[in-house]
Amino acid sequence: MNRNLLLAIDAGGSLVKATTFEVVTGRSHTVSASVALIRPAPGQTERDLDVLWAATTACVRGVLAEVARGPERILAVGFTGHGNGLYLVDRNGLPARAAVMAADTRAASAVRRWAAAGLDAELQAHSWNGLWAGQPGPILSALARTEPEVLERAYAVVSCKDYLRGRLTGIVATELSDASAGGLYDNTAWAAGHGSQPLDLNEPAIEAFGLAGFRRLLRTPIGSDSVGEVSAEAARATGLLAGTPVVAGMVDNAALHHGSGVFDGSEICVGAGTWSVNQVLVPAAEATMDSILGAIRPSAANIALGEMALLCEASPTSASNFDWALNRAVAGTTNTDRAEGLDIYAARLEREGARAQRLDDPMFLPFLDGSRADAGARGAWVGLSSSNGEGELLGAVVEGICLEHRRHIERLQAALPSRLPVRLSGGATKSPVWCQRFADVLGVPVQISPVSELGSVAAAAIAGVSVGAFADVPTGVRTLNPYWRVFDPDPARADFVATRYQRYCEVAEVFDRLPWGE
């Protein structure tokens, strides 16, 4: 049997997934596993890296078992995973401590001080990235004060996917797109050299964070197409054949964008999952403070394929808020649905589609784990009435997530020549009701794909190019993800949405100014 499968491993903030793709038909199989988070103290969010590796090996073994002679048919392995946070490893690629996740806020007070001193704009001019608590630099700075012995014995700062790739190959390295997303490297200098030079450190950030003594932890990044191979030890753990090519891959937001079939600035990509991710591609040479970077001041940005800069407006304000509401706050109907054997998410969203919205419905601020303005922000229902019940409360959560996405997207649109259509991914795409709500709230066509693992599509396409399965990454993506469904905004709802959005912005801006955590 010919080698005709590509394997993509995607490690997100809550799940790890292994997906095989047939290189001709694009047919795919996915096995996933949740990886519990650890919260050692208020504001701290971590992950046990041995547990993550065990979940990954279980997923790989599981998906290989779904196809006949699975290990023998794997052409190459590609990776994607969440960015930022902090993964520290030793010389062998083993954990130096638990990972600190991107939602961690232990550095929030320091970030506020740095921002008040004007450091944000200075650093963004080099790194393209705004300053926030979940980046590697602020977290490293915090650990240097509280756990200096850990940093002394660590060998390298890597990303989530880079840690897993290191366990698979035995090679410790950090990859270009991931490194460029974290604020510690000089993306502007790299772009000015048209990518001909290595990605160097952002020296103002190193100095500001007090990390001069830890430069050794920050490795020169490798390219997304760099290739290693499965080690004998990892082969025993995963069921893969030793020597199978392993490709470096991309950080999840870049993989999501390219896996959505977007390689230029013609569309905005929106991810509605644990995080609200809203992003657009621009030429890297234009990512300067006196051009589009300064006009948008995105919360994050990183290097993407084709010498493009991926400008990203993101915050932990998306579909995970709906999970919380269903399971922790408004559980009456949820428990009834669960007892009747219904899909609690589908059942609740179907009811929301049938419910008539009102202008005086309550609103929900989806800031349970922070907002763009402040990592310490907190969420709320606003405008409650004694007549409101679970329907209005959950409907407000669905709407509030869409409205906060729109706040992000309007920051991106402000510096673009026209309003762009949206390609939507994440958990919200499983519900036609929610997809239509996104189209109505955003006021532009929203496209969704029947392929749910869009980041894995890009990871697999990059891996496929490395072994000659595809001529280039766009060709690979079109092969693995050829179909899209479009939801058009309902013009009859435009005035209603405009009024609700105006009210939402007025309330959200009050929350932006509150002294959270002080």
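Every number in this text was worked out from the coordinates using simple rules, so none of it is lab data. Computed from a prediction, not measured in an experiment: that's the story for all the values here. Quick reminder, even Gly has a Cβ in these numbers, built from the backbone with ideal geometry, and neighbours come from all protein chains shown.
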Testing the spin-label approximation: label points 7 Å from Cα along Cα→Cβ at THR499 and MET289. State their distance in nm. 4.4 nm
Cβ-based exposure ranking for HIS257, HIS126, HIS29, in which fewest neighbours within 10 Å come first: HIS29, HIS126, HIS257
State, as an integer percentage, the relative contact order of the chain based on alpha-carbon contacts under 8 Å between residues 6 or more apart. 15 percent
Average silhouette area of the range 316-451, convex hull of alpha-carbon atoms, in square nanometres: 9.3 nm²
Rounded, prolate or oblate: pick one for the range 321-363, where a ≥ b ≥ c are the square roots of the eigenvalues of its C-alpha gyration tensor, a/c under 1.5 means rounded, and failing that, prolate if a/b is larger than b/c, else oblate. oblate
Using 20 Å bins from zero, what percent of all Cα-Cα pairs in the chain falls into each bin? 24, 58, 18, 0
In whole percent, what relative contact order does the range 139-205 give with Cα contacts below 8 Å and a gap of six or more residues? 20 percent
What's the extension gain from GLU410 to ALA115 if we count 0.36 nm per residue and subtract their Cα-Cα distance? 103.9 nm
Show me the ranking of peptides 223-236, 457-470 by mean Cβ neighbours inside 10 Å, starting with the highest. 457-470, 223-236
Per residue, how big is the convex hull around the C-alpha atoms of the range 230-310? Give it to me in cubic angstrom, could you? 136 Å³
Arrange the following residues from fewest to most other Cβ atoms within 10 Å of their Cβ: CYS160, CYS505. CYS505, CYS160
Listing GLU392, GLU453, GLU340 by rising number of other beta-carbon atoms within 10 angstrom, fewest first, gives GLU340, GLU392, GLU453
Under 8 Å for C-alpha pairs, at least 6 residues apart: give me the relative contact order for the range 350-492, rounded to a whole percent. 19 percent
Hey, can you grab everything whose amide H is under 5 Å from the amide H of SER276? Only 5+ residues off in sequence or another chain; H modelled, so Pro and N-termini drop out. SER315, THR317, SER318
Counting pairwise Cα distances across the range 371-429, what percent come out greater than 14 angstrom? 70 percent
May I ask you to work out the translational diffusion coefficient for the range 175-302 at 10 °C, viscosity 1.306 mPa s, via Stokes-Einstein with Rh from the Kirkwood sum over Cα pairs, reported in whole µm²/s? 94 µm²/s
Separation between Cα centres of the range 138-189 and the range 363-388, rounded to whole Å: 33 Å
How large is the Kirkwood hydrodynamic radius of the range 34-184, in angstrom, based on all distinct alpha carbon pairs? 16.7 Å
Over the Cα atoms of the range 19-121, each weighted equally, I'd like the Debye log10 I(q)/I(0) at q = 0.10, 0.23 Å⁻¹, rounded to two decimals. -0.45, -1.24
If you count, for each residue, the other Cβ atoms within 10 Å and average over each peptide, how do 486-494, 266-274 line up from highest to lowest? 266-274, 486-494
